[in-house]
Amino acid sequence: MSHDTVITGARVVSASGTTHCDIGITDGKIATLGSSLKGAESIEAGGLIALPGGIDSHVHISQPSGPGIEMADDFTSGTRSAACGGNTTILPFCLPEEGQTLREAVAAYRARADGNCMTDVSFHLIVRETDPVTLGQDLPALIQAGYTSFKVFMTYAGLALSDRQILEVMAVAKEQGAMVMVHAENEDAIEFLRDRAERAGETGPFHHATTRPVPVEREATHRAISLAEIAGVPLTIVHVSNGEATEEIMRARQRGLTVFAETCPQYITLTASDLDRDGFDGAKYVCSPPPRTVEEWPKIWAGIEQGTFDLFSSDHCPFRFNDPAGKDAPGARKTFRNIPNGIPGVETRLPILFSEGVVKGRISLERFAAITATNHARLYGLYPRKGAIMVGADADIALWDPALRKPIRQADLHHGSDYTPWEGFEVTGWPVRTILRGNTVMLDGAPIGSPSGTHLEREAPDVLL
C-alpha cells in the first residue's frame with residue numbers, strides 16, 4: 001500500500017504508550033502504523049518525537065474586551081501562533097456582545113474564523129444571559145449543532161451569574177448532554193477587596209493579585225462543585241492556580257463526583273511578584289486568577305503528576321502592552337482595575353510543559369500527550385478524530401526535537417501581542433514541524449502555506465456518552 005506521506009524514524013507517542021514505527025498518511029488520515037511503509041512523500045524524523053498535535057482548549061481570540069479595547073490576536077495570527085507552538089486544534093470562546101444572542105455571536109465568530117485559520121477550530125460558548133431565548137432556544141439548538149461545551153463565570157461585572165442562574169444553565173447541560181466549564185472566583189469578595197485597596201491607595205498592577213487571593217478562588221471552586229452536585233452534572237474547573245482549590249477538586253472526587261480540572265503554564269512558572277515589577281511592567285502579567293507564589297508551584301505540579309489535572313491549557317488572552325487599546329488602556333496606570341485582563345501563551349504552552357515536565361523528569365511523554373491533546377479531545381467531543389496518533393484519526397502530528405535548547409523570545413513568536421511574559425525563559429525541547437491533516441503548516445519555527453484549518457462540530461464529551 002502506498003501512502004501520500006510517510007513519517008519514518010520517529011519515536012511515536014500516545015497517551016497509552018510509546019513505540020518506534022512509521023506513520024503512513026493518506027487523505028489527511030493516519031492510515032497505517034507499521035514498518036517499511038511507502039509514500040509519495042517521505043519525512044525523515046530520526047531523533048525526533050512524534051506527538052499528537054496539541055489541542056489548546058482554552059484560548060481567547062477576537063473577543064470583545066470593552067469599549068476601546070482590542071484583543072491582539074485575530075484568527076489569522078492566533079492560529080498561526082498556535083501552529084508554530086505544535087498545536088493543530090484550538091477551542092476559542094464565543095462571547096456574545098451586549099444585546100447579541102448566542103446564535104448571532106456564533107455566526108459572527110464563524111465569519112471571522114472561516115478561511116483564516118492555520119489550525120482547526122471549534123468554539124466553546126459563553127453563557128452570560130439566562131433569559132428564555134438563551135436557555136430555551138439558542139443554547140439547546142447550538143449544543144445539538146455540535147457546540148457541546150460552554151463556560152459560565154462567577155466573576156466579572158456583566159458576565160458573573162448568580163448561583164440560581166448557574167443552576168439553570170447546568171440544568172440545560174444535563175438535559176442536552178453538554179460540558180459546563182466554570183471560571184471560579186468570588187466576585188463579591190473581589191469587589192470588596194478592590195474597593196478597600198483603592199481607598200488605601202494600593203492601585204498598581206500588583207494589587208490585581210492581592211485583591212484576588214487564594215480564598216477567593218478556593219471558595220468559588222467549592223461552591224461551583226456544590227452547584228454541580230445539586231444539578232447532577234459533570235463539571236470542569238478551568239485555570240486552577242493553587243493548592244487549596246486543587247484540594248477542593250480532590251475532595252469532590254473522593255465523594256464520587258465527576259469533576260475535571262485544568263491548569264496553565266503561568267501557575268508553574270510565574271508569581272504575583274511579576275506583577276510588582278518597576279513602573280507599569282507588572283501589567284504584562286495581569287491575568288485571572290493571578291499567578292501565586294513559588295510555594296504553590298509544587299502543589300500544582302503534584303496535581304499534574306498525579307492526575308488531578310486532566311488538562312493543561314494556555315488561557316491565551318493576548319493584549320498589546322504599548323497600546324492604549326491594550327494593557328495601557330485609559331486609566332490603567334491609575335488603577336489596576338482598568339488593566340485589560342489576560343496574557344499571551346498559545347505558542348509557548350507546549351514547550352514550557354515539555355521542558356519543565358518531560359525534560360526535568362516530572363512527567364512521562366505519555367502523560368504529556370494526555371494532558372496536552374488526548375484528554376482535551378475526549379472531554380470536548382473530538383476523540384477519536386483528534387488527540388491521538390492512531391489509525392483512522394486525523395493526521396495531526398507535531399514532531400519534536402527533544403534536545404533543541406533556546407530561550408523564549410518575543411522576536412521569535414507569531415502572536416499579535418508585542419511581548420511575552422516568558423521573555424528569556426530557557427526551554428529544552430521544541431516542536432520543529434506541525435502537520436495538520438497530513439499537511440505541514442509549520443517547519444523549523446516558521447508557518448508554511450495558506451490557512452487550511454476548518455471548523456469542527458463536536459460530539460458529547462466522552463464522560464457523557
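The values are calculated or read from the model by the stated rules, or taken from the named source; none is laboratory data. Please read these numbers as outputs of a predicted model, since none were measured by experiment. Using ideal geometry, Cβ is built from the backbone for each residue, glycine included, and neighbour counts are taken over all protein chains shown. The protein model used for the area step is the full one, side chains on, heavy atoms only, and it has no ligands, DNA or RNA in it. Shrake-Rupley method; radii C 1.70, N 1.55, O 1.52, S 1.80 Å.
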- Query: Restricting attention to segment 15-42, which residues are open to solvent by less than 30 Å² (accessible area, probe 1.4 Å) and either touching a helix residue (DSSP H, G or I) at 6+ places or on another chain (Cβ under 6 Å) or under 30 Å from Gly416 (Cβ atoms) (or both)?
  - Reply: Gly28
- Task: Under 9 Å between Cβ atoms, at least 6 apart or on separate chains: pull out the pairs that start in segment 180-194 with a residue that is more than 10 Å from Pro213 (Cβ to Cβ) and end on any residue that is part of a helix (DSSP H, G or I) and aromatic (Phe, Trp, Tyr).
- Result: Arg194/Phe336
- Task: Within segment 37-95, track down each residue that is assigned to a loop (DSSP other than H, G, I, E, B), aliphatic (A, V, I, L, M) and within 18 Å of Pro431 (Cβ to Cβ).
- Result: Ala45, Leu48
- Matching residues in segment 415-455 (closer than 12 Å to Thr88 by Cα and out of contact with any helix residue (DSSP H, G or I) (no Cβ under 9 Å at 6 or more places or on another chain)) number 8
- Those residues of segment 406-420 which are under 28 Å from Gly47 (Cα atoms) and touching a residue at least 24 places away in the same chain (Cβ under 8 Å) amount to Lys406, Ile408, Asp412, Leu413, His414
- Query: Filter segment 50-89 for residues that are under 30 Å from Gly136 (Cβ atoms) and modelled with pLDDT of 95 or more; which is farthest from the chain's Cα centre (by Cα)?
  - Reply: Ser62
- Task: Among the residues of segment 433-453, write down those that are assigned to a strand (DSSP E or B), open to solvent by 50 Å² or more (accessible area, probe 1.4 Å) and in contact with a strand residue (DSSP E or B) (Cβ under 6 Å, 6 or more places away or on another chain).
- Result: Leu443
- Note on the structure: Note on Ile230: of the conditions (1) assigned to a helix (DSSP H, G or I); (2) open to solvent by less than 60 Å² (accessible area, probe 1.4 Å); (3) among the β-branched types (Val, Ile, Thr), unmet is (2)
- Message: Given the criteria in a helix (DSSP H, G or I) and either of a type in the set (A, V, I, L, M) or open to solvent by 40 Å² or more (accessible area, probe 1.4 Å) (or both), does Arg367 qualify?
- Response: yes
- Taking segment 327-340 and the residues there that are without any contact (Cβ under 8 Å) to a residue 60 or more places away in the chain and open to solvent by 10 Å² or more (accessible area, probe 1.4 Å), the one that is farthest from Pro64 (Cα to Cα) would be Arg333
- Selected residue [open to solvent by less than 20 Å² (accessible area, probe 1.4 Å), out of contact with any Leu (no Cβ under 7 Å at 6 or more places or on another chain), among the polar types (S, T, N, Q) and over 23 Å from Val180 (Cα atoms)] from Thr348, Thr374: Thr348
- Note: among Gly158, Gly115, Gly146, Gly99, just one is out of contact with any Cys (no Cβ under 9 Å at 6 or more places or on another chain), modelled with pLDDT under 95, more than 25 Å from Val240 (Cα to Cα) and small (Gly, Ala, Ser), namely Gly99
- Message: Can you confirm whether Thr89 is in contact (Cβ under 8 Å) with a residue 60 or more places away in the chain and either open to solvent by less than 10 Å² (accessible area, probe 1.4 Å) or small (Gly, Ala, Ser) (or both)?
- Response: yes
